[in-house]
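The values are calculated or read from the model by the stated rules, or taken from the named source; none is laboratory data. Because the structure is a prediction, the values reported are computed rather than measured. Ideal geometry is used to build each Cβ from the backbone, glycine not excepted, and the neighbour counts take in all protein chains shown.
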Amino acid sequence: MSIGVKVVARPTDQTSYVRATLTGMAHTLKHMLNPEKVTTQYPEQKESISKRWRGTHRMLATEDGKAKCVACGLCPTVCPANCIKLVPGEDEQGNRYPLVFEIDEFRCIFCGYCQEVCPEEAIHVGRHYENSEYSREGFVYDLERLMAQTHPVCEMWDPADPKGE
Ligand code: SF4
Ligand code: SF4
């Protein structure tokens, strides 16, 4: 199959920048006269974020304070970034629980699959983004740290409310 190439001729006539300059100045003037707030003084001021924001994870706990995770292995299986580490354990009654549960928030792409797939609604992406660190190791959240998070969790997409309003 041959590939066609379209050659676009360079303009030969003189171009005036007066109109573009005036348009830019009009924009500047408009913003100078418009009292609308355009800058958020972060971190003193914070804008609200969407209830569907997918950020720092949270592990929810049962009423007796244990992680709701039953170490089923679904979330590390489905995770496209391969950033969930799970070592399952089992007690004398045959109840499974996570011996090790870690999420590398640095590798995570915040797709939310782990939350969607979790049968216990244990692991959630959260409405939180202030998780900067000085080292990559600092982004690895273990079970204790995941359970210590208190921010609201992400609301999943609802077909009955496609715009999330
Ligand atoms: S949000 Fe996606 S990438 Fe991040 S841990 Fe969950 S499944 Fe993995
Ligand atoms: S999907 Fe839920 S229950 Fe299963 S391992 Fe992940 S957090 Fe635990």
Checklist line | Matching residues in the range 54-93 - criterion: being within 20 Å of residue 148 (Cβ to Cβ) and within 12 Å of ligand 1 (Cβ to nearest atom) | finding: 54, 55, 56, 57, 58, 59, 75, 83, 84, 85, 86
Next item on the list: List every residue pair whose Cβ atoms lie under 9 Å apart, where the two residues are 6 or more positions apart in sequence or sit on different chains, the first residue falls within the range 74-90 and is hydroxyl-bearing (Ser, Thr, Tyr), and the second residue, located anywhere, is more than 6 Å from ligand 1 (Cβ to nearest atom) and at pLDDT 95 or above.
Entry: 77/117
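Here's the yes/no breakdown for (1) among the hydrophobic types (A, V, I, L, M, F, W, C); (2) at pLDDT 95 or above; (3) out of contact with any helix residue (DSSP H, G or I) (no Cβ under 9 Å at 6 or more places or on another chain):
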| residue | (1), (2), (3) |
| --- | --- |
| 20 | yes, no, yes |
| 36 | no, no, yes |
| 46 | no, no, yes |
| 62 | no, yes, yes |
| 81 | yes, yes, yes |
Note to self: So, in the range 112-153, how many residues would count as being assigned to a loop (DSSP other than H, G, I, E, B), away from ligand 2 (no atom under 13 Å from the Cβ) and of a type in the set (D, E, K, R)?
What the structure shows: 5
Item checked: Output for the range 61-111, where each listed residue is over 19 Å from residue 140 (Cβ atoms), assigned to a loop (DSSP other than H, G, I, E, B), away from ligand 2 (no atom under 11 Å from the Cβ) and touching a Phe, Trp or Tyr at 6+ places or on another chain (Cβ under 9 Å) -> 66, 91
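Which one of these is buried (at least 20 other Cβ atoms within 10 Å of the Cβ), more than 9 Å from ligand 1 (Cβ to nearest atom) and farther than 10 Å from residue 57 by Cβ: 127, 96? Even if it seems obvious, please write down each step before you answer.
Details: 96 fails: buried (at least 20 other Cβ atoms within 10 Å of the Cβ).
Matching residue, one of 127, 96: 127.
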Next item on the list: Could you check, for the range 9-21, whether at least one of its residues is touching a residue at least 60 places away in the same chain (Cβ under 8 Å) and either surrounded by 10 or more Cβ atoms within 10 Å (Cβ to Cβ) or hydroxyl-bearing (Ser, Thr, Tyr) (or both)?
Entry: no
Margin query: Considering only residues that are surrounded by 14 or more Cβ atoms within 10 Å (Cβ to Cβ) and either among the aromatic types (Phe, Trp, Tyr) or in contact (Cβ under 8 Å) with a residue 60 or more places away in the chain (or both), which ones fall in the range 130-151?
Written below: 131, 139, 141, 143, 146, 147, 149, 151
